[in-house]
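Data block below; observations after.
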Amino acid sequence: MNILVTGASGFIGSNLSATLHNIKDGKDKSFGISRDINIFEYDIGKNIDTLEKYCKEASFVFHFAGVNRPQNTEEYMQGNYGFTELLLNILKKYKNKCPIMFASSIQARLNNEYGISKKAAEDLIADYNRQNGVTTYIYRFPNIFGKWCRPGYNSVIATFCYNISRNLPIHINNKETVLELVYIDDVVNEMVNALKGIPNINRNGYGFVPELYKNSLGEIAELLYSFKNGRITKEIPDTTKGGFIKKLYSTYLTYIPETSLSYPLEMKTDERGSFTEIIRTPDRGQFSVNIIKPGVTKGEHWHNTKNEKFVVVSGIGLIQLRRTGNDTGNTYPVLDYHVDGSKIEVIDIPPGYTHNITNEGESDLVVFIWSNEYFEQDKPDTYFLKVNEGFT
């Protein structure tokens, strides 16, 4: 199958092309599509002979090429209607009746220059369908967000992400304005549906992306600022409350300046080693790294509700646990777990068990620790009690 993607270097086109190449290379087998595909990538302004060749040989056309923000309004019609007309004429010239997917916009319903040009291109596609018996899919996309979208061009989210990550101001006329949004990966999934002949079509005959989000400009800005602040508080967003936050967070990260992808953490150090908190969340706890010097024992405490998972990733050591309290006057037995970074395993630390960890090696012992709740100074739920001494 030969797949022509017009506007291949644009936002949607580049994301779809990347997925198609992953399918062709056997890196993504999730779509159930044969690797026997060729991807023809074309952009407006390239050699017309190349477009002729691609149109002659294409088995399916994804038509994304167009104009969003031209220098003058006349370019809307030229770029959106004019190039669509050129594309269809070349296909007719070679009697190529392959299916066509056309990327339109919800603005085709509006009486502005961009919307008028998109509606005119839609009408061309519809006429081409009726006159030639060709399968065509017209998608009226709402606002699309995700990686590789150009800020200051056709996505307010891209602009917000870019500016906020660089400490630049953003401008909102009305925080209550609600946007209809789809995520680029969901768009690409739907494009593959169209390629497979199983698109989602609404009652008006337009293709659509099922995963649609509706969020106000104020909500979006607040979330993006919280993502930025999370590098200071070490908090990451709760991505369990629907897909939008997860997808917006992934998008935001792609706009962080490449010179600022790293950020410092506070290492609490003493003669025993160090303890560094990496991530904290209100719902999924805390993730930290504990470095222990040779011969040093850390811990010797227990918790009421807090529970932890210890994972030694470097060095050798001994983790000891003992249930607090006593059994008919006798202390509960001490449980020994010898751990080695060359054999990664998890040691669960249940509530009510006093515990410690000792570095038995000659190099630093490095331990990753997950706790089901982050540490609060005013309510630490941490009570000193040596594993090998005393009762409680």
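Before moving on, here are some points about what is shown:
- Qualifying residue in segment 117-124 (condition: over 28 Å from ILE90 (Cβ atoms), touching a Leu at 6+ places or on another chain (Cβ under 8 Å) and modelled with pLDDT of 95 or more): no
- GLY361 vs. criteria in a strand (DSSP E or B) and of a type in the set (Gly, Ala, Ser): no
- Within segment 309-335, residues that are free of Cβ contacts under 8 Å to residues at least 40 places away in the same chain and open to solvent by less than 70 Å² (accessible area, probe 1.4 Å) sit with their Cβ atoms under 7 Å from residues that are of a type in the set (Phe, Trp, Tyr) and part of a strand (DSSP E or B), at 6+ positions apart or across chains, in these pairs: ILE319/PHE310; ILE319/TYR337.
- Of the strands (runs of 3 or more DSSP E) contained entirely in segment 19-123, those carrying at least 2 residues that are within 22 Å of ILE201 (Cα to Cα) and either open to solvent by less than 70 Å² (accessible area, probe 1.4 Å) or without any contact (Cβ under 8 Å) to a residue 12 or more places away in the chain (or both) fall at 60-63, 100-105.
- Candidate set from segment 282-299 (those that are basic (Lys, Arg) and more than 21 Å from the chain's Cα centre (by Cα)); member that is farthest from GLU235 (Cα to Cα): LYS293
- Checking TRP370 against (1) in a loop (DSSP other than H, G, I, E, B); (2) open to solvent by 70 Å² or more (accessible area, probe 1.4 Å), the condition it does not meet: (1)
- Scanning segment 258-269 finds one or more residues that are open to solvent by less than 60 Å² (accessible area, probe 1.4 Å) and on the phi < 0 side of the Ramachandran plot.
The values are calculated or read from the model by the stated rules, or taken from the named source; none is laboratory data. In this text the structure is predicted, and so the values were computed from the model without any measurement. All Cβ positions, glycine included, derive from the backbone under ideal geometry; neighbour counts span all protein chains shown. To get the accessible areas, we keep the full protein, side chains included, count just its heavy atoms, and leave off ligands, DNA and RNA. Shrake-Rupley method; radii C 1.70, N 1.55, O 1.52, S 1.80 Å.
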